[in-house]
Amino acid sequence: MENSLGPFPLFLQQIESDTAQNYTIYYSISGPGVDQRPQNLFYIERNTGNLYCTGPIDREQYDSFELVAFATTQDGYSPEFPLPLVIKIEDENDNFPIFTNSTYIFTIPEYSRVGSTVGQVCATDLDEPGTLHTMLKYSILEQFPVSPVMFFMHSSTGVITTTSSQLNRELVDKYQLKIKVQDMNGKPFGLQTTATCIIYVDDVNDHWPTFTQTSYVTSVEENTVDVEILRVSVEDKDLINTANWRANYTILKGNENGHFKIVTDPKTNEGVLCVVKPLNYEERQQLTLQIGVVNEAPYFRETTSRSAMSTATVTVNVKNQDEGPECTPPVQTVRIKENAPVNTRSNGYKAYDPETKSSSGIRYKKINDPKGWFTVDENTGSITTFRLLDRESESMENGLYKITILATDKDGRSCTGTLGIILEDVNDNGPLILKQTLIICKTVMSSAEIVAFDPDDPVNGPPFSFNLEGNSDSEAQRIWGLSQINDTAARLFYQNDPPFGPYTVNVRVTDKHGLSHITPLNVIICDCITENDCTLRFVPRTGNGGVKLGKWAILAILLGIALLFCILFTLVCGATGAAKKPKAFPDDVTQQNLIVSNTEAPGDDKVYSANGFTTQTVGSSGQGICGTVGSGVKSGGQETIEMVKGGQQTLESCQGHGHHYTLESCRGGGQYTLDSCRGGLVEVDSHGHTYSKWRNFTQTHLGEKVQRCNQDNSHEHAQDYVLPYNYEGKGSVAGSVGCCSERQEEDGLEFLDHLEPKFRTLAETCVKR
């Protein structure tokens, strides 16, 4: 038993081994309560096997002990297996049940239904579960206020529910319960504990706000705005500063013109009535308003009747003010003839004193006059024309010319009005043809429609008559004709099959009163299908569609133009230098004198492909095309070999010992070049090759190259194989046609006498060598 009173040591059980009949057995135990914590709580007699407990035990601390018993002989032999011993502590109801909280707080809305759950309480008991010691019963001991009883507690679950639907926060806003929990299933001898439960009744909107007065009287001066004129208050029994208490005010009647508004003061919950639109004493001296009030939160009971809303009546008395002039109506109109002469007088704008309904003592001044057409009389407000009037002016708005007038009384108070002047139309404009460019696509149409417009009033406008301007035998009458379509349009057609091109046709349009206007039309007869096709040909691009260049684009264009000029200047200078014939030196002095070097003009060394043969001459623009085949020609130190039928190879020897050889194969796409002089540039060969040695060397190698040109797969020559020219003859008066035409003169050193001093010293040094 838990918490046993003894006497101790308390005998529990005897352990005996069956082998005690044959052996002398000694008993021992081990485990918690013996040699493990809590130690020395149990022991066994060594010889008899009696098991004892040495003191009381708390079940809530140790609910059982698992020991092991041993039986051994004197020499330590164990004839038996160890015996498990389980000592279970039997529970005693020594623990009180305890609530999880000492005070529970719940809320429930007022007027909740019967059986509505308020909350649940809970208690615990440390005794052994599943026994009577831990079977708990809950109950309410007392309620405050005592009557009427509003709550019930379930004995097993601890759930608190309502027993009445008459919870009213305005009467009792808080209930306090003393609750009890008892073990032993609530039997009188069970242990028990109490706690406190506080239940707050939550507010619902079960009360309408009501005005403290049913009628109010206030006053306000006319022409005042944004002023507070009245505060109204209400009573509401619901919880303060909640949506069930805060009021929303509204004006139900009497504010059809929007002069008033009513808002809620959030601090006091009062309704504040304000004037938002000025009142006029001359119009109404008293107004009656009906105002109503409701809560922000909806009423908790469903209702659709407005009679439940609290209402009050407000009487507003308007006080008179000494006002300034009144510009009523704000826009006044007068009529004036469009052709009225200058200084024509007419009625003007009139302002009134609202008290006297009179205009006396009011001064007028013009504030705005777009064209400056009128002057305003200061005393009467009448207007006088200052300039000629024009009904077709752009300042007219729907036939109305507006000027702004300022009216001021003797006290300086003023108002502003608008005087609209209706200019009665005079037939002073002839009809105009707005579209003055017509395109007639001759292939698909023979006429074009023209439409006239008269800026005058329709009374002085259509029907129009259309006529061609000019004599009956004029070109316009011969080519063009007109036919009326309707009152404002006619058809212009051509006749006698005029040629394509632009024409100018003068058309006179006359209104119904005989006033006319001549419009020159630009008519284009075009070979087109649509007008857009012809527009692209005849009409240049205009308007804002042009491309605008930025400063960087303009700079790039200028740099490009400058670069082109530089290239052109270089070409001109090169061509001029090539035209001048350079002086050559004899063969025997090429190694000991200054050599004059000229540069071939760019573009002269060209080869043109043809079906025949092409010959070239340096410094000449002529090109010969032959159809015969000849042998190589040597004349004046020149030898030429050329391809036949599209392929061209040229070997040219230049004057002096410098030479330029070119072998081009047009068919094979290959090009072979041997350069000892480039475009007439003379080079000094350090080995001193003569012309004959050079010819023998190059002719052999060039012949091998030519032999390989234009061969097929079987190494046979093609039909357009290179063939030599025949000699043109000896002593030809034509001279050489080569690129450089080698000169054999022995002279040519006279230029040394004309060199500058620095070059003369260099020349003398070369001659001495």
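So between Lys512 and Gln286, what do we pick up on full extension, going 0.36 nm a residue minus the alpha carbon distance?
75.3 nm
Holding the Cα-Cα limit at 22 Å, pick out from Lys319/Lys357; Lys137/Lys174; Lys337/Lys435 the pairs that are longer than that.
Long pairs (Cα-Cα over 22 Å): Lys137/Lys174; Lys337/Lys435.
Quick one: if you stick a label point 7 Å off each Cα along the C-beta vector at Ile240 and Leu83, how many nm between them?
Distance between the two pseudo-spin positions: 8.3 nm.
Show log10 I(q)/I(0) for segment 109-152 at q = 0.14, 0.18 Å⁻¹, two decimals, from a solvent-free Debye sum over equal Cα scatterers.
The computed values of log10 I(q)/I(0) come out as -0.54, -0.74.
Keeping every protein chain in place, order Met184, Met1 by accessible area at 1.4 Å, biggest value first, i.e. largest first.
Descending accessible area places them as Met1, Met184.
Kirkwood hydrodynamic radius of segment 432-526 from all distinct Cα pairs, in Å?
After inverting the pairwise mean of 1/r, the radius is 13.6 Å.
Can you check how the C-alpha radius of gyration of segment 102-258 compares to 2.2 N^0.38 Å, as a plain ratio?
1.72
For segment 331-424, what mean projected area does the convex hull of the alpha carbons give, in nm²?
5.7
Distance from the Cα centre of segment 105-152 to that of segment 242-273, in angstrom?
Segment 105-152 and segment 242-273 have Cα centres separated by 46 Å.
Return the FRET efficiency for the residue pair Ser358, Lys277: r is the Cβ-Cβ distance, R0 is 25 Å, and the value is rounded to the nearest 0.05.
Computed FRET efficiency for Ser358 and Lys277: 0.40.
Grab the beta carbon distance between Thr210 and Ile140, set R0 = 41 Å, and tell me the FRET efficiency rounded to 0.05.
Rounded to the nearest 0.05, the efficiency is 0.60.
Return the FRET efficiency for the residue pair Glu228, Thr250: r is the Cβ-Cβ distance, R0 is 22 Å, and the value is rounded to the nearest 0.05.
With R0 = 22 Å, the Cβ-Cβ based efficiency is 0.80.
From the residues Thr48, Ala20, Ser78, which one has its Cα farthest along the dipole of segment 10-88 in the positive direction, the dipole being from +1 and -1 charges on Cβ of Lys/Arg and Asp/Glu about the Cα centre?
Thr48
Between Leu762 and Glu475, how many nm apart are label points set 7 Å from Cα along the C-beta direction?
Using points 7 Å along Cα→Cβ, the separation is 7.4 nm.
Using label points projected 7 Å from each Cα along Cα→Cβ, tell me how many nm separate Thr384 and Val444, to one decimal.
Result: 6.4 nm between the two label points.
So what's the Cα pair-distance distribution over segment 10-88, bin width 5 Å, in %?
Result, from short to long distances: 3, 15, 27, 24, 15, 9, 5, 2, 0 percent.
Between Leu571 and Ile485, what is 0.36 nm times their sequence separation minus the Cα-Cα distance? Round to one decimal in nm.
Going from the current span to full extension adds 24.1 nm.
Compute from the Cα atoms of segment 274-394 the Rg and the Dmax, the latter being the longest Cα-Cα distance, and quote both in angstrom.
So, for segment 274-394, Rg and Dmax equal 25.7, 80 Å respectively.
Across bins of 5 angstrom width beginning at 0, how are the C-alpha pair distances of segment 233-305 distributed, in whole percent?
3, 14, 23, 19, 15, 12, 8, 4, 3, 0
If you stretched the chain out fully between Ala340 and Glu394, how much longer would it get, using 0.36 nm times the residue separation minus the C-alpha to C-alpha distance?
17.6 nm
The values are calculated or read from the model by the stated rules, or taken from the named source; none is laboratory data. Remember, predicted model here, so these are calculated numbers, not experimental data. Cβ atoms come from the backbone with ideal geometry, glycine included; neighbour counts cover every protein chain shown. Only protein heavy atoms, including side chains, enter the accessible area calculation; ligands, DNA and RNA are left aside. Shrake-Rupley method; radii C 1.70, N 1.55, O 1.52, S 1.80 Å.
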